Amino acid sequence: MSNNLLTNPSAETGDLSGWTASGVTVGDGGTSGTKCFVFQANASMSQNLGPQNPLAIFEVSADFAPAIPWGNDDPHVGAYVYFELSYGDGTTDIHMMPLRTEEIVSSGYFRAKAQIAVRENSSPTQSRIIAATRGCAGSFDNLSVTIVGEAALQEGVSYYGVKITRADGITVERSDGASKVIFNSDELKFQAKDELGALVDRIYFDSLTGKYIFDGVLTAETIEASNIEVDVNVTNILYAQKGNISELTVDQLDTSTMVAKYLANDTSDMGYIKIFGEHIQFIEASTDGSQTAQVLDRNSQPMYWTDDTHTTPTLDVTDYPVLVYVYTEQVKMELYHELDSATGFYVPKMIWGVGTGTYDYGKGFITKDDDGLILKYITTTGKVQTIKLSETGIELLPSITQIDCYTDGMIIAYNDGTTQNWRKSFSYRFGYR
């Protein structure tokens, strides 16, 4: 048997602590100690016990001695014990136990005792015991409410939102229906209502593919994994302060710290890397801090912070948009694959420098084709300077087809039809003219 749920059940504190009373005082005597509750002819006292286990079986008892003794054969009823169980639908079950002469305890005290079970399919939101006299003064003592057992779990009955059914197994549902968990041998689902009020799967296990599917915002201090594939299974945001991942598959990556710099009011230049498709870009960005923009996710949805701590992003609209300064970006170097139309193969290519803004003027290129490495620079006037490193040595491109020498210099002709004139200086060195 469990402990008595009542506070000060036998007036052991010498006062009415724990009770709400009318017409009741504390006096000497009783069956359990040296004190008892003394009732006038029409008096009452009560004590709230709060919510209770939906499977609980209670034993409720109390001792009462009338001020004017009852006879053993007198069925007179003038004292009562009530036990109330209130439920979420606003109804209350009242269990009344009259004090009769059938059960004599000692010293003129009679006992009322009963076992009471919670209403089927319900969870008590409040419970209360009441002791009262009606036209009969006397003394109450040794009041007790204990849990002596639990009823068997019933199929389809909700216990604090937990239910077992043949269709779903174990389900746990919020009282307002906003979220639900389903657990059985085939599936594990965490559901929440969408914008239309329908329950949809947010985190669940797909037993056919053997995958856990996540739909929402994932926030973590540390993520450790041997393999992460980021695709439609993580539909919105993967956010972490630190991650240890041995293999990561993504379709784009940006190492910029624009968000952090905005939060720190930092408008200094920064360099970062962008990776997308088969391109890797090394970027330098600058801002004067005069303009800001809200960050968008990959689907052009505006992003927000969950609160004013600016630590966790979300797509839910809040009062805290994720902002960054507007930057001017310059790609200082780029690496990518380019299709070689002559061979039909992709070849790696690097572009160096920002250039003048006119075509590719002022940029350098490094390309690896099937028979060598090509270094090319396009001057600010559009002239192409090329060196090729191949199995046969170093080759200047376009290749030289003719050299005409004169007393003060020479003219070099190339296979693309261009020429270069070289003139001898006073110190007998050749210079381009």
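How big is the Kirkwood radius of segment 299-416, worked out from every pair of different alpha carbons and given in Å to one decimal?
On the way: mean 1/r = 0.0526 Å⁻¹.
Value: 19.0 Å, from the Cα pair sum.
Over segment 20-150, what lengths in whole Å, largest first, do the semi-axes of the equivalent ellipsoid take, defined as the square roots of 5 times the eigenvalues of the alpha-carbon gyration tensor?
27, 15, 13
Show which aspartates and glutamates lie in cross-link reach of LYS113 when reach means a straight Cα distance below 14 angstrom and same-chain residues fewer than eight apart are skipped.
Leaving aside aspartates and glutamates fewer than 8 places away in the same chain, those within reach of LYS113 are GLU59, ASP63, GLU102, GLU103, ASP141.
Between TYR82 and ILE164, how high is the FRET efficiency from 1/(1 + (r/R0)^6) when r is the Cβ-Cβ distance and R₀ = 25 Å? Nearest 0.05.
Working: r = 33 Å, r/R0 = 1.32.
Calculated value: 0.15.
For segment 162-215, rounded, prolate or oblate, judged on the Cα gyration tensor with a ≥ b ≥ c (square roots of eigenvalues), a/c < 1.5 rounded, else prolate if a/b > b/c? Write down the numbers at each step before the final one.
On the way: a/c = 2.65, a/b = 1.16, b/c = 2.29.
Judged from the Cα gyration tensor, segment 162-215 comes out oblate (a/c at least 1.5, b/c at or above a/b).
Test of understanding: ordering VAL105, VAL148 by Cβ neighbours within 10 Å, fewest first, what list do you get? Before the final figure, lay out the partial values.
Details: VAL105 16, VAL148 11.
With the sparsest Cβ surroundings first, the list reads VAL148, VAL105.
If the chain between VAL200 and ASP371 were fully stretched, how many nm would it gain, using 0.36 nm times the residue separation less the Cα-Cα distance?
Working: separation 171, 0.36 × 171 = 61.56 nm, distance 5.74 nm.
Difference between extended and current length: 55.8 nm.
With Cβ to Cβ distances under 15 Å as the rule, what net charge do the other residues near GLY277 carry (K, R +1; D, E -1)? Each step should come with its number before you reach the end.
Details: positive: LYS274, ARG298, LYS349; negative: ASP251, ASP254, GLU278, GLU334, GLU338.
Counting the neighbours of GLY277, the net charge comes to -2.
Given the pairs LYS274/LYS388; LYS261/LYS363; LYS163/LYS189; LYS189/LYS211, which span a C-alpha to C-alpha distance of over 21 angstrom in this model?
LYS274/LYS388; LYS261/LYS363
List residues of segment 357-375, by number, whose backbone nitrogen lies under 15 Å from a label position 7 Å along Cα→C-beta of GLU395.
Those under the cut-off are 367-375.
Read-outs: derived from the displayed coordinates by stated rules, not from any lab. Everything numeric in this text was worked out from a predicted model, so none of it was measured. Methodologically, a virtual Cβ is constructed for each residue, glycine included, from the backbone with ideal geometry; neighbour enumeration extends over all protein chains shown.
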